[in-house]
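Structure first, commentary second.
The values are calculated or read from the model by the stated rules, or taken from the named source; none is laboratory data. Computed from a predicted structure; not experimentally measured. Cβ: placed from backbone, ideal geometry, glycine included. Neighbour counts: every protein chain shown. For accessibility, only protein heavy atoms count, side chains too; no ligands or nucleic acids. Shrake-Rupley method; radii C 1.70, N 1.55, O 1.52, S 1.80 Å.
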Amino acid sequence: ASFSLLCFRSPLVTPLIFGLLLQAPFTQPSPITQPNFVLFLADDLGIGDVGCYGNDTIRTPNIDSLAKEGVKLTQHIAAAPLCTPSRAAFLTGRYPLRSGMDAINDYRVIFWNAGSGGLPPNETTFAKILQHQGYTTGLIGKWHQGVNCESRNDHCHHPLKHGFDYFYGMPFTLISDCQPTETPEMDRAFRRKLWLSTQMIGLITLTAVLGRLTGLISVSWKTLTCLAGFSLLFFISWFSSYGFVRYWNCIMMRNHGITEQPMVTDRTTSLILRESISFIERNKHKPFLLFLSFLHSHTPLLTTEKFLGRSRHGLYGDNVEEMDWMVGQVLDAIDKEGLKDTTLVYFASDHGGWLERQEGGRQLGGWNGIYKGGKAMGGWEGGIRVPGIFRWPGVFPAGAVIDEPTSLMDIYPTVVHLAGGTVPQDRVMDGRDLLPLLRGAVAHSEHEFLFHYCGVHLHAVRWHQKDTGAVWKAHYVTPIFSPPGAGGCYDRGFCPCFGSGVTHHEPPLLFELSQDPSEAKPLSADTEPLFDTVIRRIGETIEEHRRTLTPVPEQLSVSNVVWKPWLQPCCGTFPFCWCDKEGD
């Protein structure tokens with residue numbers, strides 16, 4: 001049939017055939033309508049920590065191979081500089097403040113498994129759409145999007161309520177409190193204040209009792225009893241939560257059931273890898289989505305013995321190299337099952353590396369390369385520019401590099417489109433389908449503007465001026481580094497989003513990122529002829545953007561993030577929560 005068609009020379013058919021032959025190789029529709037998806041998301045990994053992004057001392061051969069065999073994005077942007085809001089945006093394809101998953105206060109992430117805030121049930125994740133398209137969906141690793149709303153077992157924020165058929169991992173996030181040998185990390189400054197207050201109240205009570213016994217103070221025993229009772233209640237009120245962080249937050253779950261409380265950190269890495277490979281093997285005969293949400297490279301940097309001391313960057317480098325090995329093991333499993341050509345693989349980090357994370361002279365956080373700032377900084381590139389790599393043999397060109405603004409939110413429409421689904425039409429979607437860009441069918445990203453938030457506070461805006469290739473970035477708020485010029489907020493441990501720790505700029509600081517990616521030389525009306533035009537255009541876009549925002553419940557309000565004993569996931573009878581089903 002094909003021979004007779006080619007031999008048919010009518011005036012209509014000949015130009016049609018000629019036009020088809022001239023089509024670019026990567027603009028053809030893919031014969032694979034429903035590929036498998038393996039999405040790797042690292043935790044706190046800096047863009048400067050990966051070999052293919054310029055690091056020549058930490059060895060990441062498996063991640064580097066993804067870039068050699070696929071497409072590397074050099075301007076891949078997280079929607080937020082912290083875990084909870086960035087992951088909410090990744091899962092929903094929307095800026096986190098649209099779902100209430102960004103904060104107006106200093107509590108910028110989910111703080112407890114027993115909090116009531118989390119990814120709202122009315123948000124539609126890409127996993128939920130893929131479920132409806134016949135995919136088997138699995139999440140292995142970190143969740144950090146909440147668990148319960150009103151009771152211990154309602155699981156309203158749980159992964160299984162958000163489109164995942166299978167979940168194994170931490171409903172919370174890895175913190176140093178999970179490792180008994182490490183210095184507690186969670187809310188460290190606040191805990192110090194609580195402990196100091198307890199000591200002061202106790203000292204006052206003891207002084208009053210001694211004064212009463214020696215006759216120096218005239219106070220009734222009833223008053224002293226009330227004071228002692230208050231001291232005890234104050235201590236219990238905070239120690240019942242902060243004194244048992246390891247039991248309340250450091251737990252592992254399989255679906256709705258708790259498997260370890262507290263988690264046994266020595267075997268966490270091997271269990272996560274085993275579960276990931278097992279998921280692929282179980283579902284190799286049907287379309288699947290595996291979201292491998294690493295606990296690496298978040299403190300306390302859980303690293304197995306065979307990787308300790310292997311890197312030139314201490315424990316942090318060891319941890320990154322182990323994560324790269326895990327990536328390689330999963331890729332090997334894909335190859336072994338003959339799924340390489342039918343599987344889209346994606347690798348990224350949820351935000352930039354944590355510059356201020358140090359302990360005893362050791363650097364425990366990541367490196368963000370040439371980019372200023374880091375984790376928790378909503379405007380500076382180091383907090384939001386992350387690795388972004390796609391591989392799909394035969395569909396995406398090998399060794400391609402794309403220097404166009406893209407977002408972690410773009411995964412949503414890209415994955416949904418390839419699965420044959422439709423993105424929700426009843427809400428504002430901020431992600432854009434990357435397929436035409438990744439295949440080389442278009443030269444430019446669909447993003448003209450990207451908005452960089454710190455909590456609910458707009459810190460900066462990026463404008464990709466496509467006709468000139470310029471990438472303008474205006475900073476309206478920046479954190480005050482301490483010590484000055486240090487590049488981070490080392491006195492606080494995190495840079496704040498508002499208050500006395502930030503500077504407001506009027507006019508805003510303006511940079512042209514294609515010429516100054518390190519944001520070292522702010523432009524002015526004296527040095528840049530287009531300064532006023534650019535600032536005016538960005539200002540108009542901010543007003544348009546704000547008109548698309550609607551009020552939603554604040555998931556990270558103080559009332560939602562505090563520890564609520566009746567919401568605490570418990571393997572046993574509360575408060576006696578302990579189990580080790582993996583050991584059993």
Checklist entry - Of SER276, SER218, which residue is small (Gly, Ala, Ser) and assigned to a helix (DSSP H, G or I)? => result SER276
Next on the checklist: For segment 181-190, check the following and say yes or no: at least one residue is among the aromatic types (Phe, Trp, Tyr) and surrounded by fewer than 24 Cβ atoms within 10 Å (Cβ to Cβ).
Outcome noted: yes
Item to check | Positions within segment 157-174 being open to solvent by 10 Å² or more (accessible area, probe 1.4 Å) and not hydroxyl-bearing (Ser, Thr, Tyr), in sequence order | outcome: LEU160, LYS161, ASP165
Item to check | Hits in segment 216-240 (condition: open to solvent by 60 Å² or more (accessible area, probe 1.4 Å) and over 28 Å from PRO565 (Cβ atoms)) | outcome: LEU216, ILE217, SER218, TRP221, LYS222, THR223
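From the set of residues in segment 474-507 that are among the polar types (S, T, N, Q) and over 16 Å from ALA520 (Cα atoms), which is surrounded by the most Cβ atoms within 10 Å (Cβ to Cβ)?
Here the residue is SER482.
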Item to check | Selection count where residues are within 18 Å of ALA78 (Cα to Cα), open to solvent by 10 Å² or more (accessible area, probe 1.4 Å) and assigned to a strand (DSSP E or B), scope segment 454-470 | outcome: 3
Item to check | Pick from segment 523-553, criterion within 20 Å of VAL477 (Cβ to Cβ) and in contact (Cβ under 8 Å) with a residue 40 or more places away in the chain, ranking: most open to solvent (accessible area, probe 1.4 Å) | outcome: ARG537
Item to check | Count - residues of segment 544-584 that are of a type in the set (A, V, I, L, M, F, W, C), over 17 Å from ARG246 (Cα atoms) and part of a loop (DSSP other than H, G, I, E, B) | outcome: 3
Item to check | Residue within segment 522-534 that is of a type outside the set (Lys, Arg), assigned by the TED database to the domain that holds ASP467 and part of a strand (DSSP E or B) present | outcome: yes
Checklist entry - Of everything in segment 258-279 that's touching a residue at least 60 places away in the same chain (Cβ under 8 Å) and either β-branched (Val, Ile, Thr) or surrounded by fewer than 18 Cβ atoms within 10 Å (Cβ to Cβ) (or both), which residue is nearest to ALA127 (Cα to Cα)? => result ILE272
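Being of a type in the set (Val, Ile, Thr) and either in contact with a strand residue (DSSP E or B) (Cβ under 8 Å, 6 or more places away or on another chain) or assigned to a helix (DSSP H, G or I) (or both) is the filter here; which residues of segment 173-196 pass it?
Hits for segment 173-196 are THR173, THR183.
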Checklist outcome for this item: Picked from segment 383-412 (must be part of a helix (DSSP H, G or I) and out of contact with any Leu (no Cβ under 8 Å at 6 or more places or on another chain)), the residue surrounded by the fewest Cβ atoms within 10 Å (Cβ to Cβ) is MET409
Next on the checklist: Would you confirm whether or not segment 293-311 contains a residue that is buried (at least 21 other Cβ atoms within 10 Å of the Cβ) and among the small types (Gly, Ala, Ser)?
Outcome noted: yes
Checklist entry - When you look at ASP154, is it open to solvent by 10 Å² or more (accessible area, probe 1.4 Å), assigned by the TED database to the domain that holds VAL561, part of a loop (DSSP other than H, G, I, E, B) and modelled with pLDDT under 95, yes or no? => result no
Checklist entry - Name the pairs whose Cβ atoms lie under 8 Å apart, with the first residue in segment 184-196 and among the acidic types (Asp, Glu), the second assigned to a loop (DSSP other than H, G, I, E, B), and 6 or more positions between them or separate chains? => result GLU185/ILE175; GLU185/THR299; GLU185/PRO300; ASP187/PHE111
Checklist entry - Does segment 121-139 contain at least one residue that is within 13 Å of the chain's Cα centre (by Cα), aliphatic (A, V, I, L, M) and at pLDDT 95 or above? => result no
Item to check | Scan of segment 157-182 for residues that are over 20 Å from LEU567 (Cβ atoms) and modelled with pLDDT of 95 or more, ordered by number | outcome: GLY163, PHE164, ASP165, TYR166, TYR168, LEU174
Next on the checklist: I'd like to check something: does segment 158-172 contain any residue that is under 24 Å from ASP266 (Cβ atoms), in contact with a Lys or Arg (Cβ under 9 Å, 6 or more places away or on another chain), part of a helix (DSSP H, G or I) and among the hydrophobic types (A, V, I, L, M, F, W, C)?
Outcome noted: no
Checklist entry - assigned to a strand (DSSP E or B), under 30 Å from ASP106 (Cβ atoms) and among the basic types (Lys, Arg) - does that describe any residue in segment 421-428? => result no
Next on the checklist: Between a residue in segment 329-345 that is open to solvent by less than 10 Å² (accessible area, probe 1.4 Å) and any residue that is in a helix (DSSP H, G or I) and of a type outside the set (Val, Ile, Thr), which pairs come within a Cβ distance under 6 Å, given they are 6 or more apart or on different chains?
Outcome noted: VAL330/SER276; ILE334/LYS340
Checklist outcome for this item: Those residues of segment 35-67 which are open to solvent by 10 Å² or more (accessible area, probe 1.4 Å) and among the acidic types (Asp, Glu) amount to ASP56, ASP64
Checklist entry - Within the group LEU139, LEU130, which residue is over 21 Å from THR173 (Cβ atoms), of a type in the set (A, V, I, L, M), in contact with a strand residue (DSSP E or B) (Cβ under 9 Å, 6 or more places away or on another chain) and buried (at least 21 other Cβ atoms within 10 Å of the Cβ)? => result LEU130
Item to check | GLY572 vs. criteria out of contact with any Leu (no Cβ under 8 Å at 6 or more places or on another chain) and at pLDDT 95 or above | outcome: no
